[in-house]
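Written below as structure tokens is the structure these notes are about.
The values are calculated or read from the model by the stated rules, or taken from the named source; none is laboratory data. The structure presented is a predicted model; accordingly, all values stated were derived computationally and were not measured. Every residue, glycine among them, receives a Cβ derived from its backbone with ideal geometry; neighbour counts consider all protein chains shown. Ligands, DNA and RNA are stripped out before the accessible areas are found, and what is left, the full protein with its side chains, is counted by its heavy atoms. Shrake-Rupley method; radii C 1.70, N 1.55, O 1.52, S 1.80 Å.
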Amino acid sequence: PIDVSTENLGCLTECLFFNANRFARAMTKLAEQAFVDINLSPNYAYLLILVAQYPNITKKKLCEKLDIAPSTSTRFINKLEDAALVTRTSQGKETHIHLTDSGYALQETIEAGFDRLSKAYQEKIGEKESALLAKMLYESSEILKEE
């Protein structure tokens, strides 16, 4: 059980927007600590993992899977391309993303970062609670995306 003091927060404890952002900031700090040895933001690590899982993935599919705007993916891909971790090719109107040898070599380090991150938040929140929270956040995000 989590002991949370809600003293002096008033209505903020019931505000989903406030608490979601507060939670995101706390998770970002944990993730940045977990990925410090990669010298990349955790967001870039997610992109690299997806490209490893889906070789030759299109930029459009990458945007869908990461739920990011095309302009954001372009910025991410540019940085990873500058770091020689990915390359891109064009086939007609589609852009395909590929890992370089250096990108593949980084996969083990990225997986270790994900393991450190999971352990860090599971130690604080609990394993079952973390899994339930992840599921609830995913499902709620899907509902909120619906038009």
Check whether at least one residue in the range 111-127 is touching a helix residue (DSSP H, G or I) at 6+ places or on another chain (Cβ under 7 Å) and open to solvent by 90 Å² or more (accessible area, probe 1.4 Å), and report yes or no. yes
Of the residues that sit in the range 96-110 and are over 11 Å from ALA52 (Cα atoms) and among the polar types (S, T, N, Q), which one is surrounded by the most Cβ atoms within 10 Å (Cβ to Cβ)? THR109
Selection count, the range 91-121, where residues are hydrophobic (A, V, I, L, M, F, W, C), at pLDDT below 95 and touching a strand residue (DSSP E or B) at 6+ places or on another chain (Cβ under 7 Å): 0
Failed condition for PRO55, given (1) touching a residue at least 24 places away in the same chain (Cβ under 8 Å); (2) out of contact with any helix residue (DSSP H, G or I) (no Cβ under 8 Å at 6 or more places or on another chain); (3) part of a helix (DSSP H, G or I), with all others met? (3)
For the range 47-66, what are the residues that are under 15 Å from the mean Cα position of the chain (by Cα) and either under 13 Å from THR95 (Cα atoms) or open to solvent by less than 40 Å² (accessible area, probe 1.4 Å) (or both)? LEU47, LEU48, ILE49, LEU50, VAL51, ALA52, LEU62, CYS63
When you scan the range 71-83, do you find a residue that is touching a Ser or Thr at 6+ places or on another chain (Cβ under 7 Å) and either open to solvent by less than 30 Å² (accessible area, probe 1.4 Å) or at pLDDT 95 or above (or both), even just one? yes
Scanning the range 24-46 residue by residue, the ones that are open to solvent by less than 50 Å² (accessible area, probe 1.4 Å), assigned to a helix (DSSP H, G or I) and under 16 Å from THR74 (Cα atoms) total 2
In the range 72-95, what residues are assigned to a strand (DSSP E or B) and over 14 Å from ALA52 (Cβ atoms)? ARG88, THR89, SER90, GLN91, GLU94, THR95
In the range 122-147, residues that are modelled with pLDDT of 95 or more, within 30 Å of LYS60 (Cβ to Cβ) and more than 19 Å from the chain's Cα centre (by Cα) total 0
